[in-house]
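The values are calculated or read from the model by the stated rules, or taken from the named source; none is laboratory data. Fair warning: this is a prediction, and the values are worked out from it, not measured in the lab. Don't worry about glycine lacking a Cβ; one is built from the backbone with ideal geometry, like all the others, and counts go over all protein chains shown. To get the accessible areas, we keep the full protein, side chains included, count just its heavy atoms, and leave off ligands, DNA and RNA. Shrake-Rupley method; radii C 1.70, N 1.55, O 1.52, S 1.80 Å.
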Amino acid sequence: MTNDVKESFNHGAPPAPAALAAKVRTLAPSMTRSMQRVAEAVAGDPAGCAALTVTGLAELTGTSEATVVRTARLLGYPGYRDLRLALAGLAAQQQSGRAPAVTADIAVDDPIADVVAKLAYDEQQTLADTAAALDTVQLGAAVGALAGARRIDIYGAGASSLVGQDLAQKLLRIGLIAHAHTDPHLAVTNAVQLRSGDAAVAITHSGSTGDVIEPLRVAFDHGATTIAITGRPDGPVSQYADHVLTTSTARESELRPAAMSSRTSQLLVVDCLFIGIAQRTYETAAPALSASYEALAHRHNPRTR
């Protein structure tokens, strides 16, 4: 990430009250334990914490005033005063009838109907959290870079590679040159060929997948515009990303690994990118999409004898 983008990420507009809980869920895993206590307290009882001074919240969470302020800044607020205002707003929203979300883990003996209900709830929450926390300024910049790119390389590993393939297929159907690389060696050797005017997208929930970071670094060093889709915006991948798009994830459990919910949020971001690009390139995208439909139409119609 460039210095300007890092500055924007760290000191942009504070998140809206509705995005606070999503921000906590997204960033808590990368916080220190003392900062987690502060984050969990403000997300769990916004009304109570809104009434506390910085000293009071530090005492409540067994931390220090400095830790409270650092947590507020990591969550996107310039200082504790701004966080208190957001907490008051969130408390007002909840009191108006919006119940706080409660997630139940899937148990090994759950009836299948309960599994369906819990998965549906978790995925809805993941999508809502991702939408609430997604930086639309960064999203718009990423859309612009991809829409005007001469060539787009996409990197992902494991479940993230499936998301990368989905993005590549979508872009190809509107006439853009896009390739999803799953082999880390080929990803790097292709990244070497990128230049200014090209773009590279890295998809990694952890933000620390070496096989994804290495080709992105090479693309970055060769002048391509780089984009990271990640659940850890403070992870190593962001060092080489011009634009960072943050995803959320549901709470991980034994029967629901992070790859499941991260894929859901990544696909939402990919769809947002695709629609934004299609809007920007409509004059060429629409005919290309129609041509791709026509080319496949005979495969979907019953054969006549």
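Observations, loosely collected:
- Solvent-accessible surface ranking, highest first, for C49, C272 at 1.4 angstrom: C272, C49
- Summed side-chain charge close to V163 - residues other than V163 whose Cβ falls under 12 Å, Lys, Arg +1, Asp, Glu -1: 0
- Accessible area expressed per residue, the stretch 177-229, with surrounding protein chains retained (probe 1.4 Å, Å²): 40 Å²
- Computed FRET value (nearest 0.05) for V116 with D271, which takes r as the C-beta separation and R₀ as 25 Å: 0.65
- The modelled label-to-label distance between A107 and R299, using points 7 Å beyond Cα along the C-beta direction, is 4.5 nm.
- Measuring only protein heavy atoms, the 1.4 Å probe finds F220 accessible over about 60 Å².
- Accessible-area composition of the stretch 162-228, carbon plus sulfur, in percent [1.4 Å probe]: 52 percent
- Alpha-carbon centroids, the stretch 158-182 and the stretch 48-94: separation in whole Å: 41 Å
- As a calculated quantity, the FRET efficiency between E123 and E40 at R0 = 25 Å, using C-beta atoms, amounts to about 0.65.
- Accessible heavy-atom area order of D183, D242, D153, highest first, probe of 1.4 Å: D183, D242, D153
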